[in-house]
Amino acid sequence: MTSWKNRQLVRAFLFYSRMSRGMTLGVRAAVFDDGGRVFLVRHSYVPGWYLPGGGVEPGETVEESLERELLEEAGIAVTGPSELFGMYLNRTASPRDHVALFVCRSWSQAAPPPRNLEIVDSGFHPVDRLPEDTTSGTRQRIAEIVGDSERSSEW
């Protein structure tokens, strides 16, 4: 499947999800290594670098969703408790979209994840030297976590 077709399918699914649910709930993870670097991903269907995460599926807790998304997108297994840092309204996605942000410091990664149709790049980055095209929401959340900015209630 071409990258264009993949992007169209993902956009159609996201549109369907937004219209078929009263409210959407997602998770994002700020995974930090021992050097204080944060793990980011770059998707095939939207520009920029993001914290890994995704939608909470029916019957899934936010913690289960967090663990599933980290394995899928980052090859990262959570090995200890993750801190729920905040709940955010994400008006950019939809006036009904909410994101639970977790900070993960206890984890393991057997190997960096291979690139695939969804994730085209990933890796750890120093918080003071994030990739140039890191999204503003991602930058703001990282600044809140490291204490460089006050917390917001909106993504």
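The values are calculated or read from the model by the stated rules, or taken from the named source; none is laboratory data. Given the structure is predicted, the values throughout are model-derived calculations rather than measurements. Positions of Cβ are generated from backbone atoms using ideal geometry, with glycine treated the same way; all protein chains shown enter the neighbour counts. We work out accessible area using only protein heavy atoms, side chains counted, and drop any ligands, DNA or RNA first. Shrake-Rupley method; radii C 1.70, N 1.55, O 1.52, S 1.80 Å.
At a glance:
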| read-out | value |
| --- | --- |
| Accessible area of the range 45-149 divided out per residue, in Å², using a probe of 1.4 angstrom | 51 Å² |
| From phi via Karplus (6.51, -1.76, 1.60), per-residue ³J(HN,Hα) for the range 99-104 in Hz, x at Gly/Pro | 10, 9, 9, 10, 9, 10 |
| Long-range HN-HN contacts of A30 with modeled amide H, under 5 Å | F102, V103, C104 |
| R151-S108 pseudo-label distance in nm [points 7 Å out on the Cα-to-Cβ vector] | 3.1 nm |
| Long-range HN-HN contacts of G86 with modeled amide H, under 5 Å | L101 |
| Expected 222 nm ellipticity per residue - DSSP helices of 4 or more, -39500 (n - 2.57), all of the chain, to 500 | -8500 deg cm²/dmol |
| Sulfur and carbon atoms: percent of accessible area, the range 34-155 [1.4 Å] | 50 percent |
| Percentage relative contact order, the chain, counting C-alpha pairs under 8 Å, at least six apart | 28 percent |
| Residue-by-residue Karplus 3J(HN,Hα) for the range 126-142, coefficients 6.51, -1.76, 1.60, Hz, glycine and proline x | x, 5, 8, 9, 5, x, 3, 9, 5, 5, 5, x, 5, 4, 5, 5, 5 |
| ³J(HN,Hα), Karplus 6.51/-1.76/1.60, whole Hz, each residue of the range 33-47, x for Gly, Pro | 8, 5, x, x, 7, 10, 8, 10, 10, 10, 8, 7, 10, 9, x |
| Over the range 25-102, relative contact order from alpha-carbon pairs under 8 Å, at least 6 apart, % | 33 percent |
| About the Cα centre, charge dipole magnitude for the range 46-126 (Lys/Arg +1, Asp/Glu -1 at Cβ), debye | 260 debye |
